[in-house]
Amino acid sequence: MLTPLALRQYSAAMSLRTLKLAALCLVLAACAHTPAASPPGAEARLARVMIEALAPDSLASGAYRWDALSIRISRHMHWHLANPDPAGRGADAPIRRNGWIANEGVQIGVSAHGGEAGVAALSFESAQLSPAALVAALEQEHAQLTPRPGQEDTYVISAPARRPASLSFARICRPEQSRAGPSCRSVFTL
């Protein structure tokens, strides 16, 4: 039989445990909505692909042909960026090729958009990478980013021995009411 003093001590201990458990649940719930940080190296790998995608100064024309771009960046990615097959589609039909860059659990989706003449844009997408981290990685790779006047989150990227190009950042979020739940991803377009 428990004495009144023992009962009060037991009740206080249980209340303290309950309070600790509730605090732990609140912390875990807050962490569930915080995007996971990317492992070291993911931004550096993306920065390297972006810089190598820029046309070399030595190429006068054809630097953005499908095969030429594939030669420059495919060793860092999972895809084969083949020339388009004209059979069964119009000459001005848009072409899209998809691939990804894997880095210790972080996947960065890559899409090449263009037409028969070549690649017009590369877009990179990831839930874990931030624009600030990518900018730091690009600067580490000796690239320079110059803001475009009047265009928010759009820059001119230049690197040694490469032609400059436009680079834009966007953050796309799914609303909380979405059936799949809320989530955000960063999209970088070169």
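The values are calculated or read from the model by the stated rules, or taken from the named source; none is laboratory data. Just so you know, these numbers come straight off a predicted model, no measurement behind them. Cβ sites come from the backbone with ideal geometry, for glycine too, and all protein chains shown count toward neighbours. These area figures cover heavy atoms from the full protein model, side chains too; ligands, DNA and RNA do not enter into them. Shrake-Rupley method; radii C 1.70, N 1.55, O 1.52, S 1.80 Å.
Over all other residues within a Cβ to Cβ distance under 10 Å of residue 69, the charged ones net out to +1, with Lys and Arg as +1 and Asp and Glu as -1. Charged neighbours of residue 105, selected by a Cβ distance under 15 Å, balance to -1 (K, R count +1; D, E count -1). Using the Cβ-Cβ distance between residue 177 and residue 104 with R0 set to 41 Å, the FRET efficiency works out to roughly 0.80. A 1.4 Å probe over all protein chains sorts 162, 75, 171 by accessible area into 75, 171, 162, starting with the largest.
To the nearest 10, the accessible area of residue 129 is 0 Å² with a 1.4 Å probe. Take the Cβ atoms of residue 139 and residue 161, set R0 to 22 Å, and the FRET efficiency comes out at 0.85. Cβ under 13 Å from residue 122's Cβ, residue 122 left aside: what net charge do those residues give with Lys, Arg +1 and Asp, Glu -1? Counting the neighbours of residue 122, the net charge comes to +1.
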